[in-house]
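Following: one structure in structure tokens, then a few remarks.
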Amino acid sequence: MLSPHDDLAGTARTPMATKLRPGQPARPILLHLAHHPAADPCDSAVGRFNLVHHRAWYDNEGEQTTRDIVRWYADDDSGAELMTQHPSGGFGVIEDFWPPGWLHDRNLFHAYRSTDWLRAKSRLQNAQINRTTQLVAGLAALATWHSPGPPQRALAAQALADTTGLTAHPNTLDHAGRTGIAVAATSDNGRERHLLILHPSTGGVLAYERAILTLTGWRTRVYLLLLTHTHTPHRYWEPPATNTPPVASPDQREMPRRSGVWLVPAEHPCTPELEPGEVSPR
């Protein structure tokens, strides 16, 4: 389902920190992904908007929040978002809509143009000081807006391969039960850990985790699951088309008025099915 889940209470607790098998140098594995990115079922989907559905858990000193978010993003820095949150704070589905150019401050435009460009855009997605964790966290943030194809996934793998201080942990399970390659980076003298879990053949981002080391072990502060990524020609709502020029220039601070009809697409057929034995994130 591509619209936010109505009831998140059943999944509201922040996931336990990921258990890792012994690691190994990440560069050889990442170079293989960079040079041989496998096709993904969604690579053939067409439409001007990237469409990404993700779920995120946050633990702020024991105050836990869960968000289920669907985002649309186009290369002209336009987009939209539908978000459900638990605890809800009295809100239902929170709607956002951005006309062309309005997402410029999110630093998403042509993020996958080159490895240098990708590293720069990744650094702007988070407040990490450490360059290694900046890239890992930034790639996760960009994955919540973009649905990259094989060349773009290869660029991300190459950027990671060229980064020192990373370890790879194959056969790591994310919290949807999917098996991937966990790429780990640490900061704060090893007391903070960032994991980016990649699909073992396509290189696509499956999940991201930020955890801190406590007296009882690793504790998750942020956990992100990428559930669906594809392309689509429409957002949940589009302004009505008109060929009549406006009498006067409209105030650019005003949002278009949403009609009573939503254009929320049904589940796209390219969405990968869970393999036998995998656990649904719902």
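If each residue of separation counts as 0.36 nm, what is the full-extension length gain between ARG21 and THR65 once their alpha-carbon separation is subtracted?
Fully extending the segment from ARG21 to THR65 adds 13.0 nm.
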Relative compactness, the range 30-148, computed as alpha-carbon Rg over 2.2 N^0.38 Å: 1.17
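Leaving ligands, DNA and RNA out of it, rank MET83, MET16 by accessible area with a 1.4 Å probe, largest first.
So the residues, ranked largest to smallest area, are MET16, MET83.
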FRET efficiency for SER44 and ARG123, using Cβ-Cβ distance with R0 set to 35 Å, rounded to 0.05: 0.65
Cα centre as origin, Lys/Arg/Asp/Glu Cβ charges: the range 103-196 dipole, Debye: 100 debye
Relative contact order %, the range 142-202, counting alpha carbon pairs below 8 Å whose residues are six or more apart: 24 percent
Accessible-area order (highest first, 1.4 angstrom probe) of the listed residues HIS32, HIS104: HIS104, HIS32
Probe 1.4 Å - accessible area at PHE97, Å² to nearest ten: 20 Å²
Accessible surface ranking that places the most exposed of SER114, SER122 first, with a 1.4 angstrom probe: SER114, SER122
13 Å cut-off, amide nitrogen to a point 7 angstrom out along HIS35 Cα→Cβ, residues in the range 131-169: 158
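The values are calculated or read from the model by the stated rules, or taken from the named source; none is laboratory data. Just so we're clear, the structure is a prediction, and the values are computed from it rather than from any experiment. Please note: Cβ atoms are built from the backbone with ideal geometry, for glycine as well, and neighbour counts cover all protein chains shown. To get the accessible areas, we keep the full protein, side chains included, count just its heavy atoms, and leave off ligands, DNA and RNA. Shrake-Rupley method; radii C 1.70, N 1.55, O 1.52, S 1.80 Å.
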